[in-house]
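*Asks:* The structure's right below; bear with me while I get my questions together.
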């Protein structure tokens, strides 16, 4: 085993210094790797031309003519282009490890002996019938994406998925690579962990529900709104603050608060988001599908119990009945309101959940924790030394 700290090539399609891409995951993971290992060289953004232009053009034409999508992001067209762009750089830099978040396509055709770590929040084979953007693919596009994923899963020294949902799908898709597939939860994408929540009574006024999501329908906004109305019908004073998207104008309940989209790269808007999380009583996001759900990790950081759907990666984050409540996809606002009302009637349970959520965050949902766990896995495979 090489006892020297690894020299890491960090492969991302987008600019890893841009905290707007992949909700900040590329940026905060890179910073945690730098803190742990020191020598991390970004190898992105990767925007190979003319392949990227061709892929986008074919996708638009397919949508217009056939109503089908060309998933050019996971195509041999771009995989070959990434290989062309990266090949010489990898040879020159003498890396001892390559780390590629969302690296299904960037890593699939790389011709290198450098050990590689593939990190993702979803397995393509397990998401084709789940995620809307992966439906209605051209047949050859679906076949190519699955073939590339097989190559990546089998050639990577370690495949890391954010949730058990994604990791289990990868093991089913590639049984021969199962021993190199791990679940390590992603961390929160915040500049610094918030301080532990201060003690306070509950409820200390109207029940403060917080909804965070960029798409009202897909994240279950109508269900959250119905839960607000049901709580008020039960005589429970409540407000619902919506952050990230705009509910339809027809929803005019006076206790619906429209906070709009808040950009984490803007200090004032980030402070506003942090204040919403700090003062919320419950996070409610009845999402229709979710590869992972960083927002639930962020809520846990602030000790906010969460109400969410039992789907995708969400059960990896929320411990049902311990740090929040999980619901089946067919359950409506009434079910969410009933659980919220239960907590109002049993404030000691809310207090316990609040403490448990923060503890779970500290143990699992930080990027240093992610990197430490990944380093242990790499050390067990003999690829790095686990000494700090």
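*Asks:* Does the range 140-183 hold any residues that are assigned to a loop (DSSP other than H, G, I, E, B) and surrounded by 21 or more Cβ atoms within 10 Å (Cβ to Cβ), and which are they?
*Replies:* Of everything in the range 140-183, those that are assigned to a loop (DSSP other than H, G, I, E, B) and surrounded by 21 or more Cβ atoms within 10 Å (Cβ to Cβ) turn out to be 156, 162, 163.
*Asks:* Do we find that residue 307 is assigned by TED's automatic domain parsing to the domain that holds residue 259, surrounded by fewer than 18 Cβ atoms within 10 Å (Cβ to Cβ) and either touching a helix residue (DSSP H, G or I) at 6+ places or on another chain (Cβ under 6 Å) or on the phi > 0 side of the Ramachandran plot (or both) in this structure?
*Replies:* Answer is no for this residue.
*Asks:* With over 18 Å from residue 174 (Cα atoms), out of contact with any strand residue (DSSP E or B) (no Cβ under 6 Å at 6 or more places or on another chain), assigned to a helix (DSSP H, G or I) and at pLDDT below 95 as the only criterion, which of 73, 83, 91, 64 stands out?
*Replies:* Among 73, 83, 91, 64, only 91 is over 18 Å from residue 174 (Cα atoms), out of contact with any strand residue (DSSP E or B) (no Cβ under 6 Å at 6 or more places or on another chain), assigned to a helix (DSSP H, G or I) and at pLDDT below 95.
*Asks:* Conditions first: (1) free of Cβ contacts under 8 Å to residues at least 40 places away in the same chain; (2) within 16 Å of the chain's Cα centre (by Cα). Residue 289 passes all but one, so which condition is the exception?
*Replies:* (1)
*Asks:* Can you name every residue in the range 219-234 that is within 16 Å of residue 338 (Cα to Cα) and not in a helix (DSSP H, G or I)?
*Replies:* Passing the criteria: only 234.
*Asks:* Return yes when residue 344 is over 30 Å from residue 159 (Cα atoms) and touching a strand residue (DSSP E or B) at 6+ places or on another chain (Cβ under 7 Å) and no when it is not.
*Replies:* Against the criterion (over 30 Å from residue 159 (Cα atoms) and touching a strand residue (DSSP E or B) at 6+ places or on another chain (Cβ under 7 Å)), residue 344 qualifies.
*Asks:* A further question follows. Mind checking which residues of the range 8-30 are modelled with pLDDT of 95 or more and surrounded by fewer than 19 Cβ atoms within 10 Å (Cβ to Cβ)?
*Replies:* 14, 15
*Asks:* Any idea which of (1) crowded, with 18+ Cβ neighbours inside 10 Å; (2) assigned to a helix (DSSP H, G or I); (3) free of Cβ contacts under 8 Å to residues at least 40 places away in the same chain is the one residue 216 doesn't satisfy?
*Replies:* (2)
*Asks:* Among the residues of the range 235-254, is any out of contact with any strand residue (DSSP E or B) (no Cβ under 9 Å at 6 or more places or on another chain), part of a loop (DSSP other than H, G, I, E, B), farther than 30 Å from residue 20 by Cα and at pLDDT below 95?
*Replies:* Yes - at least one qualifying residue is present in the range 235-254.
*Asks:* Please verify whether the range 374-381 includes one or more residues that are touching a strand residue (DSSP E or B) at 6+ places or on another chain (Cβ under 7 Å) and within 17 Å of residue 212 (Cβ to Cβ).
*Replies:* Checked the range 374-381: no residue is touching a strand residue (DSSP E or B) at 6+ places or on another chain (Cβ under 7 Å) and within 17 Å of residue 212 (Cβ to Cβ).
The values are calculated or read from the model by the stated rules, or taken from the named source; none is laboratory data. Just so we're clear, the structure is a prediction, and the values are computed from it rather than from any experiment. No Cβ is skipped: glycine too gets one built from the backbone with ideal geometry, and neighbour counts run over all protein chains shown.
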